[in-house]
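Working notes for the structure below.
The values are calculated or read from the model by the stated rules, or taken from the named source; none is laboratory data. Remember, predicted model here, so these are calculated numbers, not experimental data. Neighbour counts run over all protein chains shown; Cβ positions are idealised from the backbone, glycine included. Just the protein is used for accessible areas: all its heavy atoms, side chains included, with ligands, DNA and RNA removed. Shrake-Rupley method; radii C 1.70, N 1.55, O 1.52, S 1.80 Å.
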Amino acid sequence: YCVPTVKKRLEIPIERTSLKAEPLIPTMAETDYNAILQVVNAIGKQFERYPKTVQNQDEETIREQFLAQLSVSFPSCSSTGESFNHEGKTDIMVKHGNDILFIAECKIWKGQKKLQDAIEQLLKYLTHRDTKTALLIFNKDTDIDTVIQSIQESIPNHPNFVKQIGQRDKGWFDYTFHLTDSSDEIKM
């Protein structure tokens, strides 16, 4: 038999850098964000069709109906209410493990001043990682066209307003805002 020849191994020096690998931070894909918003919009339309289901309910009770549907629609995530983040408790939070993917605040329509306050409240709950959000406005006793007009007039006056991205439905607007303490932008 032949003795195998021993090949010399090449010694390739490995350059060591001082750079450390950054941990991966999960984020919600734009398609998933849109899916959540579509579920929220569909729930709102059902409330319009069946107004007695929410007529005598307060904000928290209405929010629970959104949470229930989000939990069913997105079973791989946890949907919670009154969850602490940054500077307070947000009404709706969708998480994957310990990572926050979506935050929403719920309010019953009470005029432009309260809308500005609601935007400010939502912004206080966000960090630079929380880029996908929503402000859900429930209208109980004002003409819907008046509410929509008031929203469109009021939003651009907020100091953190950046731009309107679009309008997907009669009462569904997409905006970009920047966080209060930075130029990081969020979708609302």
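Say whether the condition of being surrounded by fewer than 16 Cβ atoms within 10 Å (Cβ to Cβ), more than 23 Å from the chain's Cα centre (by Cα) and at pLDDT 65 or above is met by at least one residue in the range 30-44. No, the range 30-44 contains no residue that is surrounded by fewer than 16 Cβ atoms within 10 Å (Cβ to Cβ), more than 23 Å from the chain's Cα centre (by Cα) and at pLDDT 65 or above.
Can you find a residue in the range 119-140 that is on the phi > 0 side of the Ramachandran plot and either of a type in the set (A, V, I, L, M) or open to solvent by 20 Å² or more (accessible area, probe 1.4 Å) (or both)? No: the range 119-140 contains no residue that is on the phi > 0 side of the Ramachandran plot and either of a type in the set (A, V, I, L, M) or open to solvent by 20 Å² or more (accessible area, probe 1.4 Å) (or both). Checking each residue in the range 135-182 for being within 18 Å of residue 105 (Cβ to Cβ) and small (Gly, Ala, Ser) picks out 150, 154, 171. Of the residues examined, residue 62 is not one that is open to solvent by less than 30 Å² (accessible area, probe 1.4 Å) and either at pLDDT below 85 or in a strand (DSSP E or B) (or both). Scanning the range 70-85 turns up no residue that is at pLDDT 85 or above, among the aromatic types (Phe, Trp, Tyr) and outside any loop (DSSP other than H, G, I, E, B).
Which count do you get for residues in the range 26-65 that are among the β-branched types (Val, Ile, Thr) and within 20 Å of residue 75 (Cα to Cα)? It would help to see each step written out before you state the result.
Of the residues in the range 26-65, the ones among the β-branched types (Val, Ile, Thr) are 27, 31, 36, 39-40, 43, 53-54, 61-62.
Okay, now just the ones that are also within 20 Å of residue 75 (Cα to Cα), so 27, 31, 36, 39-40, 43.
Selection size over the range 26-65: 6.
Applying the condition of being in contact (Cβ under 8 Å) with a residue 60 or more places away in the chain and open to solvent by 50 Å² or more (accessible area, probe 1.4 Å) to the range 147-179 and asking which residue is nearest to residue 45 (Cα to Cα) yields 171. Would you check if residue 91 is under 26 Å from residue 69 (Cβ atoms), open to solvent by less than 20 Å² (accessible area, probe 1.4 Å) and out of contact with any His (no Cβ under 8 Å at 6 or more places or on another chain)? Here the answer is yes, as residue 91 does meet what is asked. Considering only residues of the range 45-59 that are part of a helix (DSSP H, G or I) and more than 14 Å from residue 92 (Cβ to Cβ), which is farthest from the chain's Cα centre (by Cα)? Out of the qualifying residues, it is 52.
Among residues of the range 162-188 being closer than 11 Å to residue 123 by Cα and among the hydrophobic types (A, V, I, L, M, F, W, C), the one that is nearest to the chain's Cα centre (by Cα) is 188. If the condition is being among the hydroxyl-bearing types (Ser, Thr, Tyr) and closer than 28 Å to residue 61 by Cα, then the range 140-188 contributes 142, 146, 150, 154, 175. Each residue in the range 134-188 was checked for being farther than 30 Å from residue 52 by Cα, of a type in the set (Asp, Glu) and not in a loop (DSSP other than H, G, I, E, B), and 1 of them qualify.
Just name the residue that is least open to solvent (accessible area, probe 1.4 Å) out of those in the range 96-118 that are part of a helix (DSSP H, G or I), touching a helix residue (DSSP H, G or I) at 6+ places or on another chain (Cβ under 9 Å) and not charged (D, E, K, R). Filtering first and then ranking leaves 115.
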